[in-house]
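Here's the structure we're looking at; comments come further down.
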């Protein structure tokens, strides 16, 4: 490409006018000079042909058939959006109570079935009769529940009552253990003389040689809390380790 | 005439007529799909983008006013914006030459029955035509995006400079320049491909 004008047109100007020439929108006065330059210039001529061929090839590209499910998918997607947008708009108009009711409706839907409703009605009726016969007034319960201060007082009273019962139970238990321990001490202090005599007898018996190799029978006496005597008998064989 | 029809459909659609919306989708989905395919060179992307375009149109149809301009131009502008977004998003994993896409296009174009019944050109001609189409599409995909969109809008969508200027939001002079450069780039790529094919 050079800058020498051929037929009154430079190559840069020719290049700039390519698009208009290809689209047939070139000014009438410029067309002869453009064509003449294209025919005479060894650079612009082939370039013109290549660009024109390329454009025709692009224009000759076949129109593709969209996938068959495309329209269906678009309509499905937009209808979903429409449904959700309508739901949001409708919900925005409602108060909080109605919105809560709407959200709870699916959860409680099954319970509102006629047979369940009848069962609930029967249960309520039975409960109310039982409470009436037992002398419980619903108004008292309602007052108790409706006033937070009353409710708190009842809770505190209940807790204090339980605590007092537990404390007194453990106090009584401690007294019992103390008495038992004292009785045990008294018994111990009363028995030492009898215990020491028995030991001497045992020592004397041990000093006597056992000549027959026959098992000897020993008896051991002890006194229990209630004063009864328990005799423990056991066999001892000479040489056996106990 | 078509614009008047579309204008009436838009008004009906805005009034809540579901059939009007369906009509709009049926009327324009092919053009939008082709525009997306020629730009992305991927049938899957083209399908997803076409769907996105119509969802966007559905949501923003209230902002379109008939007196502002043609519905087709507005729709093309919207499509082009989504294509630009998609181009930016997929910059990392873009593949310039998709053999798979070409094969799938080939598979999708005609069923076996259609091929047997097709009274058109013979098999060799058809194969040559398909090869040429693939080559042109591949070359188009390699043209830089700014120039490619201008060429597609002009040579495939047959829009005039003024409409393209509205869609691309650039002056008409820039549109001409881009179309010119785009065609030249495409011509260079095609002649290079031809030379390579001739050498093989």
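The values are calculated or read from the model by the stated rules, or taken from the named source; none is laboratory data. Computed from a predicted structure; not experimentally measured. FYI the Cβ positions are ideal-geometry reconstructions off the backbone, even for glycines, and counts take in every protein chain you see.
Numbers for the structure displayed
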| item | result |
| --- | --- |
| From the options B:30, B:26, residue that is surrounded by fewer than 21 Cβ atoms within 10 Å (Cβ to Cβ), at the interface with chain A (Cβ under 7 Å from one of its Cβ atoms) and under 15 Å from residue A:64 (Cβ atoms) | B:30 |
| Residues (more than 13 Å from every other protein chain (Cβ to nearest Cβ) and over 16 Å from residue B:13 (Cα atoms)) located in the range B:45-69 | B:67, B:68, B:69 |
| Residues of the range B:163-192 satisfying the condition of being within 12 Å of another protein chain (Cβ to nearest Cβ), surrounded by 16 or more Cβ atoms within 10 Å (Cβ to Cβ) and farther than 13 Å from residue B:151 by Cα | B:188, B:189, B:190, B:191 |
| Residue B:105 being surrounded by 14 or more Cβ atoms within 10 Å (Cβ to Cβ) and at pLDDT below 70 | yes |
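Here's the yes/no breakdown for (1) more than 24 Å from residue B:137 (Cα to Cα); (2) touching a helix residue (DSSP H, G or I) at 6+ places or on another chain (Cβ under 7 Å):
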{"site": "A:13", "(1), (2)": "yes, no"}
{"site": "A:19", "(1), (2)": "no, yes"}
{"site": "A:25", "(1), (2)": "yes, no"}
{"site": "A:46", "(1), (2)": "no, no"}
{"site": "A:49", "(1), (2)": "no, no"}
{"site": "A:56", "(1), (2)": "no, no"}
{"site": "A:60", "(1), (2)": "no, no"}
{"site": "A:67", "(1), (2)": "no, yes"}
{"site": "A:72", "(1), (2)": "yes, no"}
